[in-house]
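The values are calculated or read from the model by the stated rules, or taken from the named source; none is laboratory data. The model shown is predicted, which means the values in this text are computed figures rather than measured ones. With ideal geometry, Cβ positions are generated from the backbone for all residues, glycine too; neighbour counts draw on all protein chains shown. The area values use the complete protein model at the heavy-atom level, side chains included, leaving out ligands, DNA and RNA. Shrake-Rupley method; radii C 1.70, N 1.55, O 1.52, S 1.80 Å.
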Amino acid sequence: MTVKLAILKSGEDIVADIKEMVVGEGDAARVVGYHLNKPCGVVLKNKSLRIDNEDESYELNLSSWCPLTKQNKIPISADWVVTIVDPIDKLKEMYETQVLTDGTSKSASVDQQSDTDKST
């Protein structure tokens, strides 16, 4: 499992278990897209910065991305991805517990969920 945060050209932040779609082999191999397993849109609802102890506080909201599909794995073209990065620990934990290990449907597992992260 590779939980990553993808930033799309549309400006959306998507957290998902991401796998590359590769065409060709060896030196000729190239990434043409990605499979997003149980993707969720991430909305940063509030960010506050505390100067005295240098902690950043985030309030996040996860919502099912592409909720009207029956598919858990959604393909996306590499052309639409600006970058893929490691999410902050709290976002990764939130996604893993609420989406991947919850056992409920993807739409019910992430609707109206929020949490706060404090990181240095």
Note to self: If I stretch the segment between Thr101 and Val85 completely, what's the gain in nm (0.36 nm per residue apart, minus their alpha carbon distance), one decimal?
What the structure shows: 3.6 nm
Next item on the list: Report, by chain and number, residues whose modeled amide H sits under 5 Å from the one on Ser57, excluding near sequence neighbours (fewer than 5 apart, same chain).
Entry: Ser48, Arg50
Next item on the list: Read phi for every residue in the stretch 28-34 and hand back ³J(HN,Hα) as whole Hz from Karplus 6.51 cos²θ - 1.76 cosθ + 1.60, θ = phi - 60°, with x for Gly and Pro.
Entry: 8, 5, 8, 7, 10, x, 9
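Counting heavy atoms of the protein chains only and a 1.4 Å probe, report the per residue accessible area for the stretch 1-49 as a whole number of Å².
Values: 2830 Å² over 49 residues.
The answer is 58 Å² per residue.
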Check: Arranged from highest to lowest average of other beta-carbon atoms within 10 Å per residue, in what order do the peptides 81-88, 32-39, 9-16, 59-66 appear?
Finding: 32-39, 59-66, 9-16, 81-88
Next item on the list: List, in order, the whole-Hz ³J(HN,Hα) value for each residue of the stretch 82-99 obtained from phi through the Karplus relation with A = 6.51, B = -1.76, C = 1.60 and θ = phi - 60°; use x for Gly and Pro.
Entry: 7, 7, 10, 9, 7, x, 4, 4, 5, 5, 4, 4, 4, 5, 5, 7, 8, 10
Next item on the list: Compute the distance in nm between two label points, each set 7 Å from the Cα along the Cα-to-Cβ direction, one at Glu12 and one at Ala78.
Entry: 2.1 nm
